[in-house]
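Only one structure is covered here, and it is reproduced in the block below.
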Amino acid sequence: MIYFAPMEGITDAIYRKTHHRIFGNIDKYFIPFISPTQDRRLPPREMRAIGPEVNAGLPVVPQILTRDPELFVWLANRLSEMGYTEVNLNLGCPSGTVTAKGKGSGMLQDPDALRVFLDYVYGHTQVPVSIKTRIGYVSVEEWETLFKLLDDYPIYELIVHPRTRQEFYRGDVHLDIYGKIAESVHCPVVYNGNLFRMPDINALMNSLVHTNALMLGRGLLSNPALAREAKGGQPLMKQEITVFHDALYRAYADCYPESIVLGKMREITKYLASSFMEPKKILKMVFKARNADAYLLAVAMLMQHDLCAFPGYDPVKPSQTWP
């Protein structure tokens, strides 16, 4: 099975629906995290993400980010009433603004507090709860204590990014530790991390056991057909990127003013460009474009380039750091 990671600011409802219609082959789309507020309301912005009507027909899982167990349970049960059959707890976000509040991977710093949180959550939610986590906060040696703790709970599915919070997304993933985790816990385990192109996926699938699914993020943003190919289907075709891009552009243009549309589409195009040969000069044009005509001209020029041999995210390309 292949899951689409929640990518904040990108994989919104419009993106999910468009990707599902054109490419499909995703078993679960994880909705970027929602942080419940003390007043226990779901404002319009959140409803645009999790409203059942905007996700109709999609295999979606909402993700919750909070350190307050009562707020988690309130939102999880509210989502259950909306018809969702799973919610996901975010223990993995490494952002400094998140961890400074003790949320996301910041919760991994205090195992005792985490246990209190999970005791309440798994004792009061009426919907299955999965968890997305890292292997520790500072040191990889934290993994054994952490996953022994997690194994005490009826976790619906455990998504593991085998890096610490301190490592963010830098350096190699700790596949050896992931393997030990997958063998030792009792719940289904999902692998997440550095699955950028088909060679990465093939290498991992040949080496991993006890793995229920793979979660892809930046690889799918760059090559939206990656899940299809991983399941034995047709590789990405250049004309599909044009169709996908144009469908996204029209959908956003129907909902937002031009300035917001261009902001969203620049970020999406930055990833799509990674699947093309020599994208750097064109990306400069994309980010310098101040109106729709200039932006669309730059994208049309990008689409004339050839695809890479293995389309997908390439972390060493200069284009990834633009602008």
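The values are calculated or read from the model by the stated rules, or taken from the named source; none is laboratory data. All values derive from a computational prediction rather than experimental measurement. When we count neighbours, we look across all protein chains shown, and the Cβ atoms used for this are built from the backbone with ideal geometry, even at glycine. Remember, those area values only see protein heavy atoms, side chains included, never the ligands or the DNA or RNA. Shrake-Rupley method; radii C 1.70, N 1.55, O 1.52, S 1.80 Å.
Descriptive notes on the structure:
- Just one of the listed residues (TYR271, TYR295) is closer than 18 Å to TYR313 by Cα and touching a helix residue (DSSP H, G or I) at 6+ places or on another chain (Cβ under 6 Å), namely TYR271.
- Qualifying residue in region 213-226 (condition: open to solvent by less than 20 Å² (accessible area, probe 1.4 Å) and over 23 Å from SER274 (Cα atoms)): yes
- All positions within region 301-323 that are modelled with pLDDT of 90 or more and either touching a Ser or Thr at 6+ places or on another chain (Cβ under 8 Å) or surrounded by 12 or more Cβ atoms within 10 Å (Cβ to Cβ) (or both): MET301, LEU302, MET303, HIS305, LEU307, CYS308, PHE310, PRO311, GLY312, TYR313
- For region 185-200, the condition holds for at least one residue, the condition being that it is open to solvent by less than 10 Å² (accessible area, probe 1.4 Å) and touching a Pro at 6+ places or on another chain (Cβ under 7 Å).
- GLY232 being in contact with a Lys or Arg (Cβ under 6 Å, 6 or more places away or on another chain) and either under 27 Å from ILE2 (Cβ atoms) or at pLDDT 95 or above (or both): no
- Extreme residue, least open to solvent (accessible area, probe 1.4 Å), among residues of region 265-289 that are charged (D, E, K, R) and free of Cβ contacts under 8 Å to residues at least 24 places away in the same chain: LYS288
- Of the strands (runs of 3 or more DSSP E) lying entirely inside region 146-238, those containing at least 2 residues that are in contact with a Gly (Cβ under 6 Å, 6 or more places away or on another chain) span 158-164.
- Residues of region 287-313 satisfying the condition of being aromatic (Phe, Trp, Tyr) and closer than 11 Å to THR269 by Cβ: PHE287, TYR295
- When region 96-153 is filtered for residues that are in contact (Cβ under 8 Å) with a residue 40 or more places away in the chain, open to solvent by 40 Å² or more (accessible area, probe 1.4 Å) and within 24 Å of the chain's Cα centre (by Cα), the ones remaining, listed by number, are LYS103, PRO128.
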